Amino acid sequence: MALWTLLRHRLQAAVRAPFAGRQVLSLILGGFLALYLGGGLVLVGLAFDDLVREAAPGADPLSVAAKGLLPFGLGYSALRVVMESGLGVDPRPYQALPVPRSALAGLLAVFAPLSLWNAVPPAFIVAVGVEGALNGTGGAALCFGLAGLGVLAAVTYAAPMLRRAASDRPFRAAGAVGLLVAAAAIEAVDLGVGLVSLVDVSAWLFGGVVRGDVLPTSVAALGLIGLVGGYVQWLQGAMVVDRSRRRASSRTSSAWLDRLARRGPVWREAVLEARLLLRNAQTRWTFFTALFFVLVLSGFAVLPIEAADLREAPPMELINMTVFPGLFATGVFAIYHGQNLFSYEGTGVEACEARPVSARHRMGGKLLFLEVGTLFCFLIPLPTLLLSQNPFLIVHTTFFLYNAGVVVPAMIAGATFNRKALEIDQRSFSQTNFSGGRVALTFPLLAVPFLFLFSFDRLVLQFGGVAALGLLSLLALPVWLRGLTRLYDYNRHAMLRGFRASRE
């Protein structure tokens, strides 16, 4: 009865939800993408035997494939932690139903593998297994298939728990990312040092499963059972009816934020934005993701780039070398977080609008908040660039001025066209919040640097033009603020109607 009750309510919720047609369209497009990728993996899986025999004559294709299961599981887990959204099913609305919490957690654990994320990898696993069975190794092929599906199930249950841990402790998660990068470096030099690598561990564990060895098979089975049990227990703890419940540490205000809030109404609004960022799961996740991108793109500071390389590079190569790392290294926070500024307030929009704060002060606080975030992204790689005397410092400074002067006000202006309230207590890399007005307003400004790079052949004119445009716009922030205030007043009621409709 619990299963059919939950299925019926899931179907009713999907049909009655606002923008149901858009969700169906997204599902159809995702299905076509899964079929496209799955078809490619089937072809690779069918040709895998020939590829292995050509590269390593005498090697068993199933054993070679088993060596990659553990690295695949770790990499796919990292991808799903960043890209996948939430639990897939929010358990809180179903707690009012006559379903025991343990049964509900079990049902959600059963539903978890029914995701498009799990539709593509089995294509390769099944293709390799079928090819192995046709070659006369049916038992080993079956064991490989079970091992591959077990790894995929482990990834499915581990990803939400890792995402919650990363969102609750973003700085610790950043440290864990650093450790993973260091581990990858050790893995890269493993052949020269002779250490035990992930490939060796995977060969022992899943290669043993393919061969039918008792110890590796028992370890893999117990690990999967323990992970599923831990997921069910964690899911029971995640069933919180009160959305407003916070950790004890979040109820205590930071002293330095209080001091900043006393500097005036604009600073107080910026401090409120900072507290919203730090106290809610989705906004903390955006901060962690932006920090991750900044740290990754900061790797350009240690690349051996010379000024002559920038001068001699053709326009398309120069774009690849400068625009992406330059534009997103300092602008990722403004672009990623700024596009949803008002949507993050959508669930409590009535309370936000009832506060006795003028539109000018409110927009000024958001502008100050994103400018500080852009400055923070600029300062992180700056010491490394200065110490290494890397010419990439020119690119970094140029796009900082452009992001601070042009991109930040443009993202706030585009955010006033949002009509969907986002759940700030969920964790996803990207919640669907498409706005045609926002895209029409912000996309051309993100493409402006391309015009300078294609129009001139001297670095002074290419980067000087972008920097000058950003600096002039930065000096004109008071003019931007007046325009943003008028735009906010113009779109305010449409935002309210859209946010209310998206919550129903």
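The values are calculated or read from the model by the stated rules, or taken from the named source; none is laboratory data. Everything quoted here is computed from the prediction, not taken from an experiment. Quick reminder, even Gly has a Cβ in these numbers, built from the backbone with ideal geometry, and neighbours come from all protein chains shown.
So, residue 387, is that one assigned by TED's automatic domain parsing to the domain that holds residue 462 and farther than 23 Å from residue 289 by Cα or not? Let's see the steps before the verdict.
Working: assigned by TED's automatic domain parsing to the domain that holds residue 462: yes; farther than 23 Å from residue 289 by Cα: yes.
In short, yes.
Cβ-Cβ contacts under 7 Å between residues 6 or more apart (or on different chains), taken from a first residue in the stretch 212-230 that is aliphatic (A, V, I, L, M) to a second residue that is at pLDDT 90 or above and not in a helix (DSSP H, G or I), are absent. Taken over the stretch 120-165, the residue count meeting the criterion of being surrounded by 17 or more Cβ atoms within 10 Å (Cβ to Cβ), more than 20 Å from the chain's Cα centre (by Cα) and either of a type in the set (Asp, Glu) or outside any helix (DSSP H, G or I) (or both) is 2. With the structure loaded, tell me whether residue 378 is crowded, with 22+ Cβ neighbours inside 10 Å and assigned to a helix (DSSP H, G or I) or whether it fails that test. Here the answer is no, as residue 378 does not meet what is asked. Listed by position, the helices (runs of 4 or more DSSP H) inside the stretch 3-77 whose residues that are in the same structural domain as residue 109 (by TED's automatic domain parsing) and either modelled with pLDDT under 85 or more than 22 Å from residue 201 (Cβ to Cβ) (or both) number at least 2 are 20-46, 48-55. Residues that are among the aliphatic types (A, V, I, L, M), in a helix (DSSP H, G or I) and either at pLDDT below 80 or surrounded by fewer than 19 Cβ atoms within 10 Å (Cβ to Cβ) (or both) within the stretch 336-367 comprise 349, 351, 354, 359, listed in sequence order.
Under 6 Å by Cβ, and 6 or more places apart or on different chains, what pairs join a residue from the stretch 463-490 that is within 17 Å of residue 447 (Cα to Cα) with one that is polar (S, T, N, Q)? These pairs meet every condition: 463/398; 466/398; 467/398. Scanning the stretch 105-119 for residues that are assigned to a helix (DSSP H, G or I), at pLDDT 75 or above and surrounded by 19 or more Cβ atoms within 10 Å (Cβ to Cβ) gives 105, 108, 117.
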